[in-house]
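Student: Take a look at this one; I'll ask things after.
The values are calculated or read from the model by the stated rules, or taken from the named source; none is laboratory data. It should be emphasised that the depicted structure is a prediction, and the values quoted were computed from it without experimental measurement. Here the Cβ is made from the backbone with ideal geometry for all residues, glycine too, and neighbour counts use every protein chain on show.
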Ligand code: GUN
Ligand code: FE
């Protein structure tokens, strides 16, 4: 049990931000319990962590990131998706057959995640089983909470980054067996890379594994026009890209599923996302860098679709989910300016929700300080921006989103455990 003192800011829903100024939050069994203005008599012996004037927000959630692409982030940013994958991403991911290389690069990735404001992630590794387990081990050691996926891919990639269908199936099962009960904070997630990477036979095997092991699914959906046309050619029997996953029961319903991007979803696809409770990972920086487009996030929110934010390293070049928040606002404004459609602009309250409780929803009661929520928190000192005395807490929060970096982080907790 512990009392955390400071200025708490958190989302109730997409339209409402709650502020608890100069209060004590009782954290019990890793969960937020209750706020107090004064320490009550019954808690007078409980340890207090006093963060004084600092701001405390829920830990940020990165719903879509490729760990093996971290090492070359910021490269090839003048290309579009399919050329960028072939020129940069596949070449780099091929190197993770070498465990020494994987250890060096994954250690740096995990160190930077640990020092960031992100507490939860859903991560693509590579197709290599052993390097994927190494990444899971490193994340667990660092106290981060994450879903990690061994990637499945058996077509349309270079020789050095492909598996046979049976090989992919067997390696996936071995990976699940070897990591079962191994971690406190790390869980597996099935990760067919995207439809062009997986034969129909492999998709069937992944469906079988999903039914046997009952674990969530992550992939990419309707990111880029050339990709969408390609999927339509590969699956002429489907009406849209989503159906190519749904055909194999890898699109929500009983399976918790994250689909990254969803930039160009036709209405029937959005309806299926909603109906099947798929959560969308909005990755604005990647969608800009790879000329993918601007996802209709306001429309999704109005439909009641679950949405979170993703860095999509290395389509996105920044690990920061604060950056994803400001990018989400900025591209939403460009969407309104360029399409002339009304009501496209995301508010501060909406992007704060997406980065915390919206994405956190995929992990359970995560992303808020309401009673029963896991205590994921980031303590931020915003003094370096200048005199804040005339600003409201919401104004200070907005400046943190636009101006902060890791140097502003004073402490960080994941499910009640202090990690920095
Ligand atoms: N689609 C399939 N693979 C990838 C990837 O690595 N990054 C992005 N942005 N899209 C993809
Ligand atoms: Fe991606």
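Student: State which residue is nearest to residue 382 (Cα to Cα) when the search covers only the stretch 11-67 and only residues that are part of a strand (DSSP E or B) and out of contact with any strand residue (DSSP E or B) (no Cβ under 9 Å at 6 or more places or on another chain).
Tutor: The first filter runs over the stretch 11-67 and keeps only residues part of a strand (DSSP E or B), leaving 11-13, 16-28, 31-36, 48-58, 60-66.
When the remaining residues are screened for being out of contact with any strand residue (DSSP E or B) (no Cβ under 9 Å at 6 or more places or on another chain), the result is 13, 16.
Values: 13: 25, 16: 22 Å.
Result: 16.
Student: Just one of the numbered conditions (1) within 14 Å of ligand 1 (Cβ to nearest atom); (2) closer than 24 Å to residue 121 by Cα; (3) surrounded by fewer than 16 Cβ atoms within 10 Å (Cβ to Cβ) is not true of residue 218; which one?
Tutor: Residue 218 satisfies all of (1) within 14 Å of ligand 1 (Cβ to nearest atom); (2) closer than 24 Å to residue 121 by Cα; (3) surrounded by fewer than 16 Cβ atoms within 10 Å (Cβ to Cβ) except (3).
Student: Let me ask you something else. Hey, does the stretch 339-356 have a residue that's within 16 Å of ligand 1 (Cβ to nearest atom) and assigned to a helix (DSSP H, G or I)?
Tutor: Within the stretch 339-356, the subset within 16 Å of ligand 1 (Cβ to nearest atom) is none.
No.
Student: Condition test on residue 287, is it within 29 Å of residue 345 (Cα to Cα), surrounded by fewer than 19 Cβ atoms within 10 Å (Cβ to Cβ) and in contact (Cβ under 8 Å) with a residue 12 or more places away in the chain?
Tutor: So residue 287 fails the test.
Student: Regarding residue 162, is this residue at pLDDT 95 or above, within 16 Å of ligand 1 (Cβ to nearest atom), farther than 16 Å from residue 259 by Cα and surrounded by fewer than 23 Cβ atoms within 10 Å (Cβ to Cβ)? Explain how you work it out, then say what you get.
Tutor: Details: at pLDDT 95 or above: yes; within 16 Å of ligand 1 (Cβ to nearest atom): yes; farther than 16 Å from residue 259 by Cα: yes; surrounded by fewer than 23 Cβ atoms within 10 Å (Cβ to Cβ): yes.
So residue 162 fits the description; yes.
Student: Follow-up. What are the residues in the stretch 291-323 that are assigned to a loop (DSSP other than H, G, I, E, B) and either away from ligand 1 (no atom under 16 Å from the Cβ) or within 17 Å of residue 265 (Cα to Cα) (or both), if any?
Tutor: 291, 292, 293, 294, 295, 296, 304, 305, 306, 320
Student: Which of the residues spanning the stretch 185-206 are more than 16 Å from ligand 1 (Cβ to nearest atom) and touching a strand residue (DSSP E or B) at 6+ places or on another chain (Cβ under 9 Å)? Can you show your working first?
Tutor: Step one: of the stretch 185-206, the residues more than 16 Å from ligand 1 (Cβ to nearest atom) are 185-188, 200-201, 204-205.
185, 186, 187, 188, 205, listed by residue number.
Student: Among the residues of the stretch 98-130 satisfying the criterion of being under 22 Å from residue 182 (Cβ atoms), in contact (Cβ under 8 Å) with a residue 60 or more places away in the chain and assigned to a helix (DSSP H, G or I), which is nearest to ligand 1 (Cβ to nearest atom)?
Tutor: Per the stated criteria, the residue is 113.
Student: Let me ask something else. Could you check, for the stretch 210-225, whether at least one of its residues is in contact with a strand residue (DSSP E or B) (Cβ under 6 Å, 6 or more places away or on another chain), assigned to a helix (DSSP H, G or I) and away from ligand 2 (no atom under 16 Å from the Cβ)?
Tutor: Yes, some residue in the stretch 210-225 is in contact with a strand residue (DSSP E or B) (Cβ under 6 Å, 6 or more places away or on another chain), assigned to a helix (DSSP H, G or I) and away from ligand 2 (no atom under 16 Å from the Cβ).
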